[in-house]
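Have a look at the structure below before the remarks.
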Amino acid sequence: MDHEVFVPFPAEAIRQALADHARVARSVPGLQQEAGAEAEEDAITGRLRLRIGGSTITYRGTLRLAAGGTDRFTAEAEATEARGTGAVKLAIEIGLEPAEGGTGTLLTFSGTVQADGGRLAEFEPGTAEAAGHRLLDRFVGTLTTDLPEAEEAADAGDAGDAGDAGDDADAEDEALPEGVTVPESAAELDPLDDSLDNPLDSLDLEPVDPGSEPPAEAAHARRTMIGRSAEEVDHAPPRGRYAPVPAPEPASATATLRWAAPAAAVLIAGAVVVGRVLRRRR
């Protein structure tokens, strides 16, 4: 398995990060160290949840990472499935190469992964290799998230800003006219005149009655400018499609007689006609 990852950091920063086993353990995605494993300096022991082909395989084993030279590291791991009989062996060599133009470092990974049965052997080689590349990309991204060099660069930028501010202050001092001096502390300033303690005493101001109310013209003008008050808005009935529907008014006695009288007259006339017809037949 061969893979390359570019990082915008110098090789020395990556070398220090790989030499820190605690940092490496935190950077491996899906790795959960066992209790007490943090004290071991030569190995990292724990459980690894590997995502591959839409499935998840949990392995329990040990990872050993050692420096093999100035710009080389060797990683070896042995693990077995937590739920199964499959076993996996890994041997990878990590190289650090300066990128072109000195803009960063190129991490190279080359090695082999052997699966002895288990669920990993059921996947195609391309699927397993893609899962390995994704795991290495996430590992490098987490490893280089907060390198000390990034903080030093930020501190250097802050120092540069402070230096620029100092230069601006010096430029302002040089811009002062001849014969004008700026005191370094407030103690060197001349005391103020006693007449300036209460500058409002010299003004002829009339007292304002707090209980007075503005005239009606002013209140009307203010309401005209602002609009209706909040009470008027709250109590005003809605208009348009949201206006309330008026309740139907009860029918009066006069309106009832207007249609009941003709109907009664028709019934009486009909009864008279029917009575006469019956009499003639008898």
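No value in this document is a laboratory result; all are computed from the given coordinates. Keep in mind that this is a model prediction, so the values were computed, not measured. With ideal geometry, Cβ positions are generated from the backbone for all residues, glycine too; neighbour counts draw on all protein chains shown.
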I need the full set of residues from segment 53-76 which are in contact with a Ser or Thr (Cβ under 7 Å, 6 or more places away or on another chain) and not charged (D, E, K, R), in order please.
Gly53, Tyr59, Gly61, Thr62, Ala66, Gly68
Is it fair to say Val88 is surrounded by 15 or more Cβ atoms within 10 Å (Cβ to Cβ) and closer than 14 Å to Leu136 by Cα?
no
Taking the residues in segment 78-125 that are in contact (Cβ under 8 Å) with a residue 12 or more places away in the chain, of a type in the set (D, E, K, R) and outside any loop (DSSP other than H, G, I, E, B) as candidates, determine which candidate is farthest from Arg47 (Cα to Cα).
Glu97
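Look through segment 104-127, keep the residues that are over 18 Å from Leu143 (Cα atoms) and among the β-branched types (Val, Ile, Thr), and return whichever of them is surrounded by the most Cβ atoms within 10 Å (Cβ to Cβ).
Checked segment 104-127; the qualifying residue surrounded by the most Cβ atoms within 10 Å (Cβ to Cβ) is Val113.
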